[in-house]
Amino acid sequence: MMHTNLFNLKKHLFHTPLKLLACATLISGALHATADVPAMSVQGNKVLVGGEVKSLGGMSYFWSNNGWGGEKYYNASTVSFFKQDWKASIVRAAMGVEDAGGYFDDPQGSKQKVRTIVDAAIANDMYVIIDWHSHYANTHDWAAAVQFFQEMARDYGQYNNVIYEVYNEPLDIPWGHIKSYAETVIDAIRAIDPDNVIVVGTPRWSQGVKEASWDPINRNNIAYTLHFYSGSHGQWLRNDAAEAMNNGIALFVTEWGSVNANGDGAVNEGETAAWMNFMRDNGIHHANWSVNDKAEGASALNPGASTTGGWGDGDLTWSGHVVRGYLRDWNQIGSGNGNGNSTGCTEVSLPGTIEAEAYCAMDGIQTENTSDTNGGSNVGYIDAGDWMSYSVNVANAGTYTVSYRVASLGGGGVLSIENAGGSPVYGTLNVPQTGGWQEWTTVSHDISLQAGQQNIGIAAIEGGFNINWIALTPTGTNPNPVQSITLQAEDYSFMSGVQVENTSDNGGGMNVGWLDAGDWLAYHGIDIPASGQYTITYRVASQNGGGSLQLEQAGGGVVYGNLNVPSTGGWQSWVDVSHTVTLNAGIQDFGLGITSGGFNINWIKIEAIH
């Protein structure tokens with residue numbers, strides 16, 4: 001596709017000699033039809049689409065900087081593929097600014113990459129975010145941003161497709177510094193483009209939406225950036241977002257990830273599902289990070305994936321699979337207060353039963369009412385290549401019997417149970433013909449599972465069946481049951497007031513920090529194998545005076561014990577501290593209350609005392 005700037009082409013046509021005017025008019029009309037998407041506008045705390053509350057989803061390209069790897073995907077073919085195959089409604093051109101290979105080093109090349117994405121989005125009837133992808137915009141000469149956005153406004157301001165993002169992720173700086181910069185750039189854009197939506201970054205890597213809501217910008221059609229990463233940002237940030245909207249500002253999630261805030265790690269499917277529901281329910285538009293094949297968890301593509309689209313399942317990372325599944329349903333389900341995937345995704349403790357419709361991600365299936373015992377819904381319309389994934393916590397490693405409640409009118413099918421993403425495969429099973437789509441039977445096989453939190457997938461090798469539920473129970477009796485459970489501190493089910501960060505402790509990963517008096521964490525679905533006494537060990541670090549914590553039943557109804565945390569000499573100088581408590585057998589929900597703060601936690605170990 002020719003990457004001609006559509007606005008300049010239209011201006012050229014108006015200077016065409018009269019004998020060519022009729023032809024020019026036809027071409028100009030065709031261009032206008034190509035760009036025919038409803039106008040976005042801000043009303044109260046919503047970014048409306050054609051005057052209606054919607055939630056549109058799409059993809060953010062990686063930094064455009066030369067030599068960074070993601071720039072090779074800045075072409076019209078990938079935009080078209082996202083529209084046709086992923087059903088995306090939005091793309092975001094993340095133009096790097098001050099870093100090497102960005103706008104300050106190569107302004108013309110950087111602008112051309114942006115134009116390529118914008119032109120392709122207009123041609124595909126998509127919305128496009130023109131992103132000044134900077135962490136330091138307010139510290140530079142503001143004239144550079146003014147000049148860039150005025151040029152974009154002159155060339156594209158007449159298209160409803162275009163959204164301006166004037167500051168990607170400010171660092172931990174006061175909102176007032178951001179606001180002053182933003183008002184200058186906004187006024188420059190509004191001198192040319194009076195109405196297209198402008199999105200403004202917020203403090204602390206665009207999580208400080210509350211601060212923005214306390215002192216909003218007094219201009220028309222302004223939204224505020226909310227960024228989240230499911231592995232690091234949970235209910236506390238959704239609470240902040242809800243408070244900001246209650247204060248009257250509109251939010252736009254121009255970037256989100258299914259993994260940790262550093263862009264790496266495994267997909268957190270439970271938190272991703274919670275965020276998807278939150279954005280759907282609140283009519284928030286969003287773009288996933290990122291279109292790249294970099295070897296990190298947030299990349300949608302595996303290394304070496306085609307630079308022009310056409311990606312198959314083998315080209316996608318697990319994040320790519322999950323995001324594609326959401327986007328393909330996003331604009332097909334529901335209406336009014338946002339469109340999106342309806343999911344009951346919660347972490348299931350094993351042994352236990354998974355309702356098939358409570359998937360965390362899926363591709364190709366639908367749900368329907370079931371006439372099976374106890375009613376509810378089942379998963380159906382399963383064809384070869386379709387899949388669902390579920391978040392589970394396996395209490396004890398060992399052999400499990402997996403039972404599936406299935407129905408099939410015709411020839412049955414073949415399913416596979418596997419680690420989400422396809423490797424390893426734990427086992428396969430033939431599904432029999434049952435004589436009807438609501439004629440149910442139970443089939444089973446044995447598989448081996450490791451202990452701990454994990455994402456399992458159910459994939460259709462051959463389709464033609466429905467599933468109502470999946471139950472996993474230990475096979476026989478394990479003569480040496482595991483009597484030790486380790487909880488990664490950051491794998492909480494719910495929390496208040498804490499944050500996560502990378503840890504330098506043995507094994508790496510993340511730890512929980514910024515613990516203050518009154519903060520708490522909850523860990524649900526912990527299977528205590530037998531009643532008795534247990535040693536609870538906490539891996540802690542404290543720069544100064546330590547603190548204290550309280551182990552309790554989630555909600556505080558029962559307190560099991562208290563413990564003082566010593567000073568360890570540094571926030572990443574780790575020691576073990578422990579106390580002994582009495583616990584009852586069964587599935588438990590534990591809470592960790594911070595009675596006085598000033599320490600970090602990496603993990604919590606529960607060990608039976610023999």
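The values are calculated or read from the model by the stated rules, or taken from the named source; none is laboratory data. Just so it is clear, the model here is predicted, and its values are computed rather than measured. Here the Cβ positions follow ideal geometry from the backbone for every residue, glycine too, while neighbour counts run over all protein chains shown. Heavy atoms of the whole protein, side chains included, go into the accessibility calculation; ligands, DNA and RNA do not. Shrake-Rupley method; radii C 1.70, N 1.55, O 1.52, S 1.80 Å.
Among the residues of the stretch 442-459, those that are open to solvent by 50 Å² or more (accessible area, probe 1.4 Å) and farther than 30 Å from I604 by Cα comprise T442, S444, D446.
Hey, could you check the stretch 491-500 for residues that are touching a residue at least 40 places away in the same chain (Cβ under 8 Å) and of a type outside the set (S, T, N, Q) and say which is most open to solvent (accessible area, probe 1.4 Å)? Within the stretch 491-500, the match that is most open to solvent (accessible area, probe 1.4 Å) is F494.
Scanning the stretch 120-158 for residues being more than 18 Å from V200 (Cβ to Cβ) and open to solvent by less than 10 Å² (accessible area, probe 1.4 Å) gives a total of 5. Residues in the stretch 355-376 that are under 20 Å from V402 (Cβ atoms) and outside any loop (DSSP other than H, G, I, E, B): E355, A361, M362.
Answer yes or no: is there a residue in the stretch 584-592 that is outside any loop (DSSP other than H, G, I, E, B), open to solvent by less than 10 Å² (accessible area, probe 1.4 Å), modelled with pLDDT of 90 or more and not aromatic (F, W, Y). Scanning the stretch 584-592 turns up at least one residue that is outside any loop (DSSP other than H, G, I, E, B), open to solvent by less than 10 Å² (accessible area, probe 1.4 Å), modelled with pLDDT of 90 or more and not aromatic (F, W, Y). Checking each residue in the stretch 533-576 for being of a type in the set (A, V, I, L, M) and open to solvent by less than 20 Å² (accessible area, probe 1.4 Å) picks out I536, V540, A541, L549, L551, V565.
Report, by residue number, each residue of the stretch 50-61 that is part of a strand (DSSP E or B) and modelled with pLDDT of 95 or more. Answer for the stretch 50-61, where residues must be part of a strand (DSSP E or B) and modelled with pLDDT of 95 or more: G57, G58, M59, S60, Y61. Has the stretch 516-526 got any residue that is open to solvent by 40 Å² or more (accessible area, probe 1.4 Å), free of Cβ contacts under 8 Å to residues at least 60 places away in the same chain and farther than 17 Å from I604 by Cα? Taking every residue of the stretch 516-526 in turn, none turns out to be open to solvent by 40 Å² or more (accessible area, probe 1.4 Å), free of Cβ contacts under 8 Å to residues at least 60 places away in the same chain and farther than 17 Å from I604 by Cα. May I ask you to verify whether A420 is of a type in the set (G, A, S), under 32 Å from the mean Cα position of the chain (by Cα) and crowded, with 22+ Cβ neighbours inside 10 Å? Yes, satisfied. When D105 is tested against (1) open to solvent by less than 20 Å² (accessible area, probe 1.4 Å); (2) modelled with pLDDT of 95 or more, just one condition goes unmet, and that condition is (1).
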